[in-house]
Amino acid sequence: MSLINQVLNQLEQRGANTAPEQTQIRAVPALPNRDWVKPLLFAAGLLIVGSLGAWLWTQKAAHSERDVHGSIVSAPPVTVVEPVEADQSGPATRLSYELSVLPLPESLRPYETQPEPQKTSSLPLVANIAAEPRPVLKQEQPSSPPVITRREPPPPLKQVSPAQRADADYRKGVQAQQQGKIPEAMEAYEAALKGNEQHEAARLAMAAMLQENGSQAAAERTLQAGLRLKPVRLSYAMALARMQLGREQLDLAVATLQAHLAAADSNADYQSFYAALLQRQNRHKEALNHYQIALQISPRNGVWRVGYAISLQALERIEDAKLAYKQALSTHTLSPELTAFVQQKLAGL
C-alpha cells in the first residue's frame, strides 16, 4: 500500500508543473477494509439465538419443576416463529414478541378445566370430608319415645250381601226385558227372588211379565207366594186383585183386598181401590167410609172425590153429592172425559 501512495504523490507533483487546462489527477485515499463486519453480525446473531434458547430451556425446566409439585402443568414444546421486524427492533422487542406468541399452559387457558391430579394418600380425602358442611341433625327429646310407623293391612274386600246381589239381578232383569230378552229377564228375576224373597220390585215385575206372556196362573201364584210372607206387602194384594178383576172375578178381588185390610189403614191407594170395588157391588155406604179415609190422607185427589160423590148420589144425598162434584172440578186434576162426566152429573141434579 505504501508503494501505491508514493506513485500517487509523484503524479501529484508533476501535475503542479503542467498547464491549468490539463486535467489534474489527484490521488484518492484508499477505503478502509471492512471484511470484519459480516463475521461480527453473524456472531451477534448466534449470541441472541443462544440466549433465547437458554432462556426457553430455563422456562421449560421451571414449568417441569412446578408440574412435579402439582401446581402448573408444563406446556408442550412450541415452535418459535421469528418475526420479520425482529432484527430492526432489537433483542428486547424480539424477545417480548416471541413470548407473546407462545401458547398458554393448560392450567391458565380460559373456559377449560384442568383435571385434578390423582391423590394416593387418604389424608386429603379426610380433609375434604371435614371441610364439607354437615347437615344439622334434629335431636329428639329424650322424654318422647320413638314413633314406630306400622303398616296397616289392606282393607278386606267388601262383602256383597244377598240383598245387594238381589238388586243387581233385578236391574239385570229389567235391562234384559227392555231388550226383549224374556228368558234372560225371567232368569234374572228368579235369581233376585232366590237371593231375597222379599224383593218387592222383582216379584211384581216377574208377575207382570208372566201375565203379559199369557201365564196368568203362574203370575197369580207368584203374587200369592208373596202374600204368605211376613211382613205383608199390600202391593201384592192389589196386583192380585187387579188380575182377578181382569178375569171378571169381582167377588174374589174384593175378598183378596179384604183379607189384608187391617194392614192398610194409612194406605190411601189401597182404601180408594177397595172402596171402588165395594161401589161396584152397590155397597155404597161401606164405600163412603173407605173413600173418606183415602180423602183424609190425600184431599186433592179429584178422582177419589168423584167416586165419593157417586156413592152420595146413590144414597140420595143430593146436596152432598153436588158439593163433592164441585170440589172434584176445583182440583183441576180430572181428565177431559171425567170432567165432562162430572158436568153432566151436575146438570142432571
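The values are calculated or read from the model by the stated rules, or taken from the named source; none is laboratory data. Just so we're clear, the structure is a prediction, and the values are computed from it rather than from any experiment. Here the Cβ is made from the backbone with ideal geometry for all residues, glycine too, and neighbour counts use every protein chain on show.
Remarks
- Single residue of 287, 268 found to be closer than 25 Å to residue 243 by Cβ, under 58 Å from the mean Cα position of the chain (by Cα) and modelled with pLDDT of 95 or more: 268
- Within region 205-223, the residues that satisfy the criterion of being polar (S, T, N, Q), part of a helix (DSSP H, G or I) and at pLDDT below 95 are 211, 216.
- Residue in region 183-192 that is in contact with a His (Cβ under 6 Å, 6 or more places away or on another chain), assigned by TED's automatic domain parsing to the domain that holds residue 229, surrounded by 12 or more Cβ atoms within 10 Å (Cβ to Cβ) and in a helix (DSSP H, G or I) present: yes
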